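Worksheet: the structure to be examined is printed underneath.
Derivation of every value follows stated rules applied to the coordinates shown; laboratory data play no part. Please read all numbers here as calculations on a predicted model, not as lab measurements. In this analysis, Cβ positions are derived from the backbone assuming ideal geometry, glycine residues included, and neighbour counts consider all displayed protein chains.
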Amino acid sequence: MGLRNDFLWGGATAANQCEGGYDEDGRGLANVDVAPAGADRISVITGEMKMYDFDNQHFYPAKKAIDMYHHYKEDIALFGEMGFKTYRLSIAWSRIFPKGDEAEPNEAGLQFYEDLFKECHKYGIEPLVTITHFDCPMHLIEKYGAWRNRKLVGFYENLCNVIFRRYKGIVKYWLTFNEINMILHAPFMGAGLYFEAGENKEQTQYTAAHHELLASAIATKIAHEVDPNNKVGCMLAAGSTYPYTCNPNDVWKAAEANREAYFFIDVQSRGRYPAYALKALARKGITIPFMDGDAELLAAHTVDFISFSYYSSRCTSADPEMSGNTEGNIFASLKNPYLDASEWGWQIDPLGLRITMNELYDRYEKPLFIVENGLGAIDTPDENGYVADDYRIDYMRAHIQAMKDAVELDGVDLLGYTMWGPIDLVSAGTGEMKKRYGFIYVDRDNEGNGTLRRSKKKSFEWYKAVIASNGEILENL
Ligand code: BGP
């Protein structure tokens, strides 16, 4: 028995990393627009350096990105050619509500996504829509302080009311917040949070998290009311944390690190704050701004499925002397001596995907959906834009095999697999273009030069064969 017959193969993108058109057709400015490329990016996305508008010293890659705003028909046709069953994309909140707090939505923004979803259906591609992929209208940040303010819950509710009604019948798979745990690691990118001097950061982060968790429950409620066929998922930046050794102190440290991430999904999937989190938050003096009705809301509207990104596992030690940090997906981890790493230092661990899937399935017993996985690498195209990206095929083949093992050997219920960045796009972590994930090469460089021409890499035909065989054929061609 292999993958389910209706397995949703595809790819995933985020509006701000591919669309561009940041000021077109009434779109408002958002946090993700003002994250510059270069050395200051990390300070901006972590909320340490204030950047609420463009300046002349920085390059802002999201302004144009790969200009999918004007190329989406061509791009979706290529996805169709590969046989995609689904395309995960995000809507830009500030296209629909440019400031975020208006009573009426921006029709041009709504129409853009309606056209895009209909384009997907022409090829039999089911859209999988992330409601918020790191973006927050800048006006909501400046006027209300972003998600630290409970008013954001109401603005998000307005957004959900509009999009669930407008796209009824053409979208049925929804994710509420991309990598919701990113609020702890990149709080400005993840939730629009910039910290004032002396502010208790952790208090603000968990206050904002509570608001996002409420908003997620409300979204789930409305989605189900508007159309009982809607399926709503949470989304976790996953990748299990391993203990560096079998020293029980390391094992405990790893358990705590895993709980830090699972906390969000525990609430979204089980409908309540877990006991360990209530204790840990109380010990730190953090209060969660619970109001009447919050507990009931969280309990009544849990998600239908668990989606997650997986790039790597992580490693931790209780020994303060341990050094040798490696890069990771924003949050760093100790270097695991048993694993190789990508050119950006992200360690490569296919079995870790099977381990992570099993942990999530054991814990929640709900269907899983892998909505991001892939290799960011430097590609060298020939004069026709062709890239022989065997390294990417190797990475994906090993991960898809591990995913199949989790399904076929361990019985995990898996809805689909959307690899990250089927077409090259801007890196969320670094703002670079040269960190490429795609099956489709885009002629654009880190500084914004290039024709934007699209061309197929070797992996394009490989993934097409994988999809056509429902994952039975994984060999490199
Ligand atoms: C995840 C994000 C994506 C994506 C991916 C790869 O954290 O959800 O938006 O970018 O990581 O990371 P990067 O772009 O930094 O290589």
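Computed extension length for E74-A299: 76.7 nm, one decimal, from 0.36 nm per residue of separation with the Cα-Cα distance subtracted.
Between beta-carbons, use under 13 Å as the cut-off and find the net charge around K118, counting Lys and Arg +1, Asp and Glu -1. That sum, taken over residues with Cβ under 13 Å, equals -1.
Approximating the spin labels as points 7 Å out from Cα along Cα→Cβ, the V162-to-A398 distance works out to 4.5 nm.
Among the trypsin sites (Lys or Arg not before Pro) in the range 276-363, those placed in a DSSP loop whose Cβ has at most 14 other Cβ atoms within 10 Å are K284.
In this calculation the C-beta distance from A468 to E256 is compared with R0 = 45 Å, giving a FRET efficiency of 0.55.
Hydrophobic long helices, here whole DSSP H runs in the chain with Kyte-Doolittle means of at least -0.5 and Cα atoms spread over 27 Å or more along the helix axis, are found at 201-226.
Highest mean first, the peptides 20-29, 197-206 sorted by other C-beta atoms within 10 Å per residue fall in the order 20-29, 197-206. Over all other residues within a Cβ to Cβ distance under 11 Å of E157, the charged ones net out to +2, with Lys and Arg as +1 and Asp and Glu as -1. Of the GluC sites (Glu not before Pro) in the range 384-477, the ones in a loop by DSSP (not H, G, I, E or B) with at most 15 other beta carbons within 10 Å are E447, E472, E475. In a DSSP loop and with at most 14 other Cβ atoms within 10 Å, the chymotrypsin sites (Phe, Trp or Tyr not before Pro) in the range 262-334 are F290. Seen from L452, the other residues with C-beta closer than 12 Å to its C-beta sum to a net charge of -2, counting Lys and Arg as +1 and Asp and Glu as -1. Extension gain, E383 to E461: 0.36 nm times the residue separation minus the Cα-Cα distance gives 26.2 nm. Take the Cα of D413, step 7 Å toward its Cβ, do the same at R270, and the gap between the two points is 1.9 nm. Report the Cα centroid-to-centroid distance between the range 143-183 and the range 113-128 in angstrom, as an integer. Centre-to-centre (Cα) distance: 20 Å.
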